[in-house]
Amino acid sequence: MRFIGCCPVMFAAAMAVHAQERMAGGGPGETVIENGVVKLSLVKDGQGYKESFYAKGPDGWRLVLQNGSSVRSDPALKATGTGTPEAAIEKIEKSETETSVLLKTQSGLHTWTKMITMKKGDPFVHITLHDSIRGNSRVEYFLSTYSFLPDGKKYSEYKPLDFVFTPQLRPEPDEVIADHTFRSPAFMMQKGDIFAALVPDIHSIDGKHRPVKSCADMQVETSSAPFISFGLMNWMRKKAHVFYAHSDSLAVDLSDTSLSFSYYLHLSATAPLRRGFQDVVRFEWDRYGHPNFVTPAGPQSQPFSTYIHKAWYKYLPQIALSAKYEGKQVTLLRQGRLAWSNSLPQSADNDSWFNVWFNSLRTAYGMYMHGQQIGDTVLMKQARGVLELALLAPQNQGLAPSIFYTDSSGGHWVADHAWGGISHGEYLPVFHNAWTNYWLLQWSDILPSRKEEILRDTNRFAAFLLANQRESGVIPSWFDPITLAAAETFRDENAETAGAALFLAELYSRTGKEEYLLAAEKAMQYIFTSILPENKWYDFETFFSCSRKQVGFFDTYTQQHPQNTLSMFMAAEACYTLYRLTSESHYKQTGNAILDYLCLYQQVWSPKWLSRELFGGFGVQNTDGEWSDSRQGYFTVTLMHYYELTKQREYFERGVAALRAMFSLFESDDSPRTAENYAHGSSDQLAGITGIHWGTGSSVVSIHIIRQRYGDAFINVQQGWGVGIDGCRFDNVTVDGNAIQFSLIDVVRSPRKIILKFGDLTSNSYRVSMNGTSLGEYSQKHLEEGIEVQI
């Protein structure tokens, strides 16, 4: 079966409308309900009614969506036992706060209802479809469909869309967007200031045992208007774990039961260009993310101290290798992956990586921070050995190889990994160099004695970037190790340039060299003009990892490019740094939008059909299936950075949720090793273990970074809220003048002392009470530095 061309037995609402049921504003044969910002018109159309949704703009109502399309009716039920439909508007109810209309259809064994509810002043319309089945029926799917018709225009009159988003691509006729990719599910389109989104109500599709799975579809050019479908339909994994498909063989036999699903339609006629999606990001956290965040259950089951101990005192001894190289003592944090990746002898697995995924320098930074905090000189020495090795990497005009290994014949450097690189890993990678040099700069802050040496190397790399930056602002991704000629792949177009911009901005902050700032801004201008408009987030993992595809791959059905979250993260970080350095508002605003786009890959829930607790984690890309991937350890710091910029509580909570997410992925209760992600192949199981850097280490290093700034729990005094970071939560926070009262609860059942920090204080001193007991009076400085409390 070709899903695009399905012609199932369908039924549409054929509604008998009585004159006294007509709402204000409707013409003859028209029923209208509205809530001040959204209007629904129901007009007789053959056997059914056409649903037209309008959003209110400055000059009045503007058409946004209509139900159905020429490809797929609304609703679409393919099932046995249907007959001639008998339909009606069952009832319309209106109160001061909401209005709803109930549509009902009888069709053979099936009784279908559709409840449309609008709350006053709310642009999110809630819709529930319910099908009651009497007797036996074989059901293939039950879907709802809407066409995007801005101001009533067909697609040919306004193409292309200014913005489009689905959680997953579906590039072939039989493919669908499976609920396995519904991390923050939303299906969105925008043209000009008209924006529409269909947001699945995840409460309605959650369940461990589901008779029919849920999925969605988007097709932009196969009909006269782009359309979105969502509902119940089984899917199967296709092309390994990258795409998902539907066939009629997946139909199920049901008897005397019911099916239902719900969703929200969000409509706007005043959306900022390409940024209407940000309202959906806010909505999903408010509706799902925050309620899940404040519940006692979650991915973290032990105090952070347990995870830190596992990382540095159980895992690290298994992989740390002390060696001599170039006459100096160095430390390898072995990944044990190079032999497989680059087809080398097994001895090459005595390897140490300095790339974006597995960055030994970042892991060692966390080791050093912890050793410094508790006085562990052995741990600090091991960490310095990693820094020593990074500084010994042979540079060719500032560009260095990214992997080292040692064997009986000595030490060897390898340019790049073959699995995630080009030409068998022979070319020198800029993206990995940029991330490593960024961390060299962080090391210069905590180890001033090596600052001069670090700046020597980082300045050389910066000079290489400036010499090779194109007029467009792009910086090629790979270079020949001998000639330093740029490889054609990602030479003229890539989103990895954001990583170089981040490094250059950080280097400018330490050197004051204007040329670095100018190059960073030029690089980000390239991102703003060449990447953002089509969300063309190309980095190495988009094409050269386990989701392999040709560079330039494009999904013609959804009109989207493949995209990866690593480059989004780098771009958001670069904007954060540039705003700190320049105070130019467009870096803050654009960085905020990039971060919000990244948040569409964050899990605002943990589905019951996946047995691990996954809330708060991140996915990888729109052509892969991972939940709670190890990159979330990186992203948590970025989310906290944007809390600093915006003071939005949501980003703080998202950051903490991402920080905790890794710790449900240990391979066993006793193991210090976490998987790199979960449900990679859409099966309910852990993915593989890829080493300390991508999992345990990437998250524990972020614990050290976040705790240093925000402690184990944090209160924003000015806004009057608190967020527990390390296995605790606030039940309430009350600020009255210079008196702060709060309830703080341990949710991991491990009584301990924690550091509580306070921010945005406005008085010189405060009286503090916790759980009904006075803790005393503290100065503003003392509270900012943190107080120790028992939970």
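Quick notes
- Between the range 596-615 and the range 667-716, the Cα center-to-center distance that results, in Å: 15
- Tail fraction, Cα-Cα pairs, the range 261-372, threshold 22 Å, whole percent: 61
- Reachable lysines, given that their alpha-carbon falls under 16 Å from the alpha-carbon of Lys549 and they are not under 8 places away in the same chain: Lys238, Lys239, Lys536
- Centre separation in Å (Cα based) which lies between the range 313-367 and the range 394-457: 12
- Charge dipole (debye, nearest 20) of the range 178-219; +1 at Cβ of Lys and Arg, -1 at Cβ of Asp and Glu: 160
- The range 151-200 and the range 85-149: distance between their alpha carbon centers, rounded to Å: 22
- Relative contact order for the chain, counting Cα pairs under 8 Å that sit 6 or more residues apart, in percent: 10
- Per-residue accessible area (protein heavy atoms, 1.4 Å probe) orders Trp694, Trp609 as Trp609, Trp694, starting from the largest.
- Ordering of 687-693, 484-490 by packing [mean C-beta count within 10 Å, highest first]: 687-693, 484-490
- Entry note, the range 328-378: relative contact order of 27 percent, from Cα contacts under 8 Å with a spacing of 6+ residues.
- Inter-label distance, nm, simple model (7 Å from Cα along the C-beta direction), Ile374/Lys154: 7.0
- Simple label model, 7 Å out from Cα along Cβ direction - Ser765 to Ser305, nm: 3.1
- Once you divide the Cα radius of gyration of the range 644-750 by 2.2 N^0.38 Å, the number left is 1.28.
- Thr773-Lys451 FRET efficiency (beta carbon distance; Förster radius 51 Å; 0.05 resolution): 0.65
- The order of the peptides 96-108, 521-533, 425-437 by mean Cβ neighbours within 10 Å, most packed first, is 425-437, 521-533, 96-108.
- Met369 accessible area, assembled protein chains, probe 1.4 Å, Å²: 20
- Residues in the range 289-304 reached by a label modelled at Asp684 [backbone nitrogen below 14 Å; 7 Å Cα→Cβ]: none
- Here the gap between Arg752 and Ser408, fully extended at 0.36 nm per residue and compared with their Cα-Cα distance, gives a gain of 119.1 nm.
- Chain lengthening between Ser472 and Glu488 when straightened (0.36 nm per residue, less Cα-Cα): 4.2 nm
- With helices as the sole contributors, the chain gives -8000 deg cm²/dmol at 222 nm; each DSSP H run of n ≥ 4 counts as -39500 (n - 2.57), and the sum is divided by every residue.
- Remark: the chain projects, on average over all directions, an area of 35.2 nm² (convex hull of Cα atoms).
- Sites Glu785 and Thr84 - FRET efficiency at Förster radius 60 Å, r taken between beta-carbons, to 0.05: 0.20
- Leu102 paired with Ser204, simple spin-label distance in nm, labels 7 Å along Cα-to-beta-carbon: 1.5
- Chain lengthening between Trp419 and Ala463 when straightened (0.36 nm per residue, less Cα-Cα): 13.0 nm
The values are calculated or read from the model by the stated rules, or taken from the named source; none is laboratory data. This is a predicted model, so every value here is computed, not measured. So basically every Cβ, Gly included, is an ideal-geometry build from the backbone, and we count neighbours across all protein chains shown. Accessible surface areas use protein heavy atoms only, side chains included; no ligands, DNA or RNA. Shrake-Rupley method; radii C 1.70, N 1.55, O 1.52, S 1.80 Å.
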